[in-house]
Amino acid sequence: RLDLVSLLGLAAVLAQQRFDDPRFDLVAAASVSFWAVRTLFGYSNKLARYDLLVNRFLTTKIAQRGTGALQYLVGQGGRQRARVAVLAYAWLRERAGRYSRGMDADGIRSFPRDLLLRVGNAEMAEMLGQPVAVDLERALDDLEELNLLA
């Protein structure tokens, strides 16, 4: 941000470099200090505005009552359920590529359900490179309801 104060501070610093005068040293130090404090307050103000925006958004979503709140929660739950099903499907397709046992039409192998439930979260965490905790039982049920699993 360039404004009059920044330009005056820059001029004072450049004058201090060119002329060896203690008054310029004092003006340059004061202007740099003032610029640093102003920058700090600017970032602090932006952080406060961001927090206010986030809090206002959450308050409006939480403050809904009755049908509006129920629709919001159902929508968010549906999105989360779909994300988990997509993650499980991607994991199963990746797993199908690693093993050479029998395949269904999509290339997803027929593994025992108890094996998938046992190793699923660990293999998904390995696939994503970060820990995950997924309700695999429900995700596999959703994939079966969508006829994506044999």
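The string of couplings for the stretch 116-130 from the Karplus curve (6.51, -1.76, 1.60, θ = phi - 60°) is 4, 5, 6, 9, x, 4, 5, 6, 5, 4, 5, 5, 8, x, 7 Hz, one whole number per residue in order, with x for Gly and Pro. At an R0 of 30 angstrom, the distance between the Cβ atoms of Leu52 and Arg79 translates into a FRET efficiency of 0.70.
Within the assembled protein chains, the solvent-accessible surface assigned to Thr67 is about 90 Å², based on a 1.4 Å probe.
A simple spin-label model places pseudo-atoms 7 Å from Cα toward Cβ; at Glu126 and Asp141 they are separated by 2.8 nm.
The values are calculated or read from the model by the stated rules, or taken from the named source; none is laboratory data. None of these values were measured; they are calculated from a predicted model. Backbone-built Cβ (ideal geometry, glycine too); neighbour counts: all protein chains shown. Ligands, DNA and RNA are excluded from the accessible area calculation, which covers all protein heavy atoms including side chains. Shrake-Rupley method; radii C 1.70, N 1.55, O 1.52, S 1.80 Å.
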